[in-house]
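Encoded as structure tokens, the structure appears first; notes follow it.
The values are calculated or read from the model by the stated rules, or taken from the named source; none is laboratory data. Nothing here was measured: the structure is a model prediction, and the numbers come from that model. Virtual Cβ from ideal backbone geometry, glycine too; neighbours counted across all protein chains shown. Quick note on the areas: whole protein, heavy atoms, side chains included, nothing else; ligands and nucleic acids left out. Shrake-Rupley method; radii C 1.70, N 1.55, O 1.52, S 1.80 Å.
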Number of protein chains: 2
Amino acid sequence: MTIGSFAFERGGELDLDVAYAEYGDPEDPTVLVCHALTGSQYVAGPAPEGVSGQAAGWWDALVGPGKPIDTRAYHVVCANVPGSCYGTTGPASEGPDGEPYGADFPPVTVSDWTRSQARLLDELGVETLYAVVGGSVGGMNALDWAKRYPERVERVAAIATSPRLDAQCLGLNTAADAPSRATRTSRAATTTAVPEPDEGLAVARRIGHVMYLSKASMSDRFDRRVAERQPAERADPSAEGFPYRDVASYLDYNAERFTERFDANSYLSLLRALDEYDLAQDAPSDAAALAGYEGDALVVSFTGDWHFPPEGGEEIADALEGGAGAVAHRVIESEYGHDAFLVEPDRVGPPVRTLLERGASAVTTETERDVTPDYPRVCTGLLPDA
Amino acid sequence: MTIGSFAFERGGELDLDVAYAEYGDPEDPTVLVCHALTGSQYVAGPAPEGVSGQAAGWWDALVGPGKPIDTRAYHVVCANVPGSCYGTTGPASEGPDGEPYGADFPPVTVSDWTRSQARLLDELGVETLYAVVGGSVGGMNALDWAKRYPERVERVAAIATSPRLDAQCLGLNTAADAPSRATRTSRAATTTAVPEPDEGLAVARRIGHVMYLSKASMSDRFDRRVAERQPAERADPSAEGFPYRDVASYLDYNAERFTERFDANSYLSLLRALDEYDLAQDAPSDAAALAGYEGDALVVSFTGDWHFPPEGGEEIADALEGGAGAVAHRVIESEYGHDAFLVEPDRVGPPVRTLLERGASAVTTETERDVTPDYPRVCTGLLPDA
């Protein structure tokens, strides 16, 4: 859907198309789901051809009839973020001159995502969100809703996320985007002597996968096992002396698949937005940033997530505590690492369901938080019959 | 020094030059020091021009007159490993046809390093080593001495090392070497359309630095601070909207410096040797691999080292326990991460000094190990006057 002229936070303005998916009855209370870095609007069910991997039905176990985000009770909306490549205007989109924007696409921030979603919801006639739910950088997006439009949000669920990336994550992203930085396709740049942007994208994806898994889960899953299939031809002749291992096979395979579904310039744009996100931006503290938010909040984090560890979840919960709503921080013991928010739906679903049905005060927490809302909250959503 | 024709473990044979440095009096008992991945033979003191960073005097605080590895008491030898680029024959060396070997250099393993050192010591007339000391992959090299030539080694110190890389490290190395793999210069390959190998090397080094630091130390050192100097020109035009941060500046700077001192093909060769190293190779277990070793052993590991965590050090110590000598595992609490073995010489030095002067049974351990040597050991080295 075209939302008209859109001014980006860091400069630049263009007519923005926002691609979105919706589920359930538009008359029901609306739950906005925010996707992760390389996700798409296709949060549940089948996705169109070409949309695969973690972009296709990535929370199918969470969103649907009778599921934790029950589409018989809620109108679920998920929008592809500006800068991405699943239909919303981004670097791979055609610019006014008929060429892709490429590196000339305006710099994108999480706040641009939030503001584009708000404009979309305006167009859809949705004023108040029953809930905003997101994981990873989608959790940052959800928190940005509570910060930027507190009056429009009744519940927020921030899953496997952080108030901001730490130096280690920034450092790994610096390594990940280096090949793409050096070779980014720009309409302005000469196109000779630059390597394939996909190669840089593949490097970034390999690093990403290691960040998303935990040390323990990688050992469990791959150990040092030799891959069943050795590559027919090794790019590096001297590699012939050494076995090709499962972990290399996994990373190489997934990196290659990723380049088929994702645009290198989009990835760089979104990675910058992730790096740049800071809950406390334009505010003296995280708590001050969220001071205006009066709804309930659920924070979910995973013990094996070294990318966004539970400490960050606790900082978010602390920041939310000053508000009027109830806050629950559910720490889930999982060795899956950051990927747990996608691969452990059976553990993510229940607290999300409870938040939606009964509010954050009804969510039991391992690290129990004594946060009592100072006004009684009424559940306005329809209860599923589960 | 030319050690003559050398047959590599995984195939290939060539006349091998081994570059080495020696310190102290050759009549004294010999301590062999094994360098880390990108180190050199210049373990202490000044290094020749072009040898910089972690290759130049990298353990200057540990090796010298009166220092823990006291050159007034011991003859210290350090040799550059085959495959490296500091004088020992490697991919950057000129082959018989006058061109650099490049990717055609034989695959290199840690055992090749050990065997080349043994040949060098033969040439130098050194039969028995008073001690072998090494950190990181140099620690693997030291352990390989105890495994391969147990009768030639009286004491071994394996610092910040592991019996083998785990899947996470292998995965990060897979990401790190991907650009180089794809673009490796080979005399056989066409040289068109391949990007600069240095670019791949720089990516690998950025990842390496993140692996060598700990999450906590990166936060302490960089947090999210914006770099004082913003780059005059950003390779990526859209990066203009975002601050260049200290952590990116540090990684970019060090990656660039690294490409000035190291050869991309050498890095790939050494990384493969590291990936491939397995203490239990050709043996039913780590303990079986070390069953023939009767000397003392010191294992040092660092709590903040997520690359080679103390658990791996404990595995090594356990494997050594079956031998006749004393074994001590000193766990050092340090937030410096893997780099601690280089940047905390005040903490590495004392247990090394004790090992050399009084044996492993005299090393106090935080995680005290009740290993009593079953024969009394006599300190054959000269005692420093410290």
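The relative contact order of chain A, computed from alpha carbon pairs under 8 Å that lie at least 6 residues apart in sequence, is 18 percent. Computed from Cα positions, the angle between helix A:310-320 and the longest principal axis of chain A comes to roughly 40 degrees. Calculated [222 nm] ellipticity per residue, helices only, for chain B: -10500 deg cm²/dmol; basis is -39500 (n - 2.57) per DSSP H run with n ≥ 4, divided by all residues, nearest 500. With a simple spin-label model that places each label point 7 Å from the Cα along the Cα-to-Cβ direction, the separation between residue B:281 and residue A:52 comes to 3.6 nm. A simple rule links phi to the HN-Hα coupling: the Karplus curve 6.51 cos²θ - 1.76 cosθ + 1.60 with θ = phi - 60°, which for region B:202-213 gives 5, 4, 4, 5, 4, 4, x, 4, 5, 5, 7, 9 Hz, with x for Gly and Pro. Cα centroids of region B:144-176 and region B:77-136: 16 Å apart.
Summary for residue B:95: label point 7 Å along Cα→Cβ; distances to the equivalent points in the other copies, ascending, 4.5 nm. With R₀ fixed at 25 Å, the C-beta to C-beta distance from residue B:124 to residue B:364 puts the FRET efficiency at about 0.15.
Quick one: work out the % antiparallel among DSSP beta bridges in chain A, nearest 5. Walk me through the numbers on the way to the answer.
Working: 11 of 38 bridges.
So the antiparallel bridges amount to about 30 percent of the total.
Using DSSP, restrict attention to beta bridges with both residues in region B:14-86 and report what percent are antiparallel, rounded to the nearest 5. Counting DSSP beta bridges with both partners in region B:14-86, the antiparallel share is about 40 percent.
State, in square angstrom and to the nearest 100, the accessible area buried between chains A and B, both chains counted, probe radius 1.4 Å.
Details: alone 16260 and 16240 Å², together 27900 Å².
That pair of chains buries around 4600 Å² in total.
Interface residues of region B:131-170, defined as those with an accessible-area decrease of at least 30 Å² between the chain by itself and the complete set of protein chains (probe 1.4 Å), are B:166, B:167, B:168, B:170. Excluding same-chain neighbours fewer than eight residues apart, the aspartates and glutamates reachable from residue A:67 by a Cα-Cα span under 17 Å are A:22, A:25, A:28, A:344, A:346, A:357, A:385. Computed from the C-alpha gyration tensor, the three semi-axes of the ellipsoid equivalent to chain A are 34, 25, 19 Å, from longest to shortest. Only Cα pairs within less than 10 Å get springs; with that Gaussian network setup on chain A, which residue of A:139, A:90, A:12 has the largest fluctuation? Of A:139, A:90, A:12, the most mobile in the Gaussian network model is A:12. Listed by chain and number, the lysines whose alpha-carbon sits under 27 Å from that of residue A:215, ignoring those within fewer than 8 places in the same chain, are B:215.
Rounded to the nearest whole Hz, the Karplus-based 3J(HN,Hα) values (6.51 cos²θ - 1.76 cosθ + 1.60, θ = phi - 60°) of region B:240-251 follow the sequence 4, x, 10, x, 8, 9, 3, 5, 5, 4, 4, 5, with x at glycine and proline. Between residue B:294 and residue A:346, the simple label model (points 7 Å from Cα in the Cβ direction) yields a spacing of 5.6 nm.
Per residue, the protein assembly as shown exposes 36 Å² of solvent-accessible protein surface, assessed with a 1.4 angstrom probe and all protein chains in place.
Between helix A:264-276 and chain A, what is the angle of the helix's C-alpha long axis to the longest principal axis, kept within 0 to 90° and rounded to the nearest 10? Taking Cα atoms only, the helix is inclined about 50 degrees.
For chain A, which whole-number percentage of the solvent-accessible area (1.4 Å probe, protein heavy atoms only) is attributable to carbon and sulfur atoms? Spell out each step's value before the answer.
Values: 6670 of 13960 Å².
Carbon plus sulfur share of accessible area: 48 percent.
Once fully extended, how much extra length lies between residue A:216 and residue A:99, figured as 0.36 nm per residue of separation less the alpha-carbon to alpha-carbon distance? This chain segment gains 37.6 nm when fully extended. Sorted from closest to farthest, the other copies place their residue A:125 label points 9.8 nm away, with each point set 7 Å from Cα along Cα→Cβ.
DSSP bridge analysis restricted to the protein assembly as shown gives an antiparallel fraction near 30%, rounded to the nearest 5.
Using only Cα atoms and rounding to the nearest 10 degrees, what angle (0 to 90) does helix A:110-124 make with the longest principal axis of chain A? Tilt relative to chain A: about 60 degrees.
Over region A:226-346, what is the relative contact order in percent, taking alpha-carbon pairs closer than 8 angstrom and at least six residues apart? Could you put the intermediate results ahead of the total?
On the way: 129 pairs, mean separation 23.8, N = 121.
So the answer I get is 20 percent.
Please list log₁₀ I(q)/I(0) at q = 0.06, 0.08, 0.11 Å⁻¹ for the protein assembly as shown, using the Debye equation with identical point scatterers on the alpha-carbon positions. Debye output, listed in q order: -0.41, -0.70, -1.14.
Ranked from shortest, the separations from the 7 Å Cα-to-Cβ label point of residue A:281 to its equivalents in the other copies are 4.8 nm.
Residues whose amide H comes within less than 5 Å of that of residue B:329, counting only those at least five positions distant or on another chain, are B:299, B:369 (H built at 1.01 Å from N in the peptide plane).
For region B:293-372, the convex hull drawn through the C-alpha positions has a volume of 81 cubic angstrom per residue. Phi angles of region B:355-363 translate, via the Karplus equation with coefficients 6.51, -1.76, 1.60 and θ = phi - 60°, into HN-Hα couplings of 3, 5, 7, 10, x, 5, 5, 8, 7 Hz per residue; Gly and Pro are given as x.
Result for chain A in a Gaussian network model with C-alpha springs under 10 Å: among A:168, A:117, A:41, the largest mean-square fluctuation is at A:168.
Comparing mean-square fluctuations of A:338, A:75, A:35 from a GNM of chain A with C-alpha springs under 10 Å, the top value falls on A:75.
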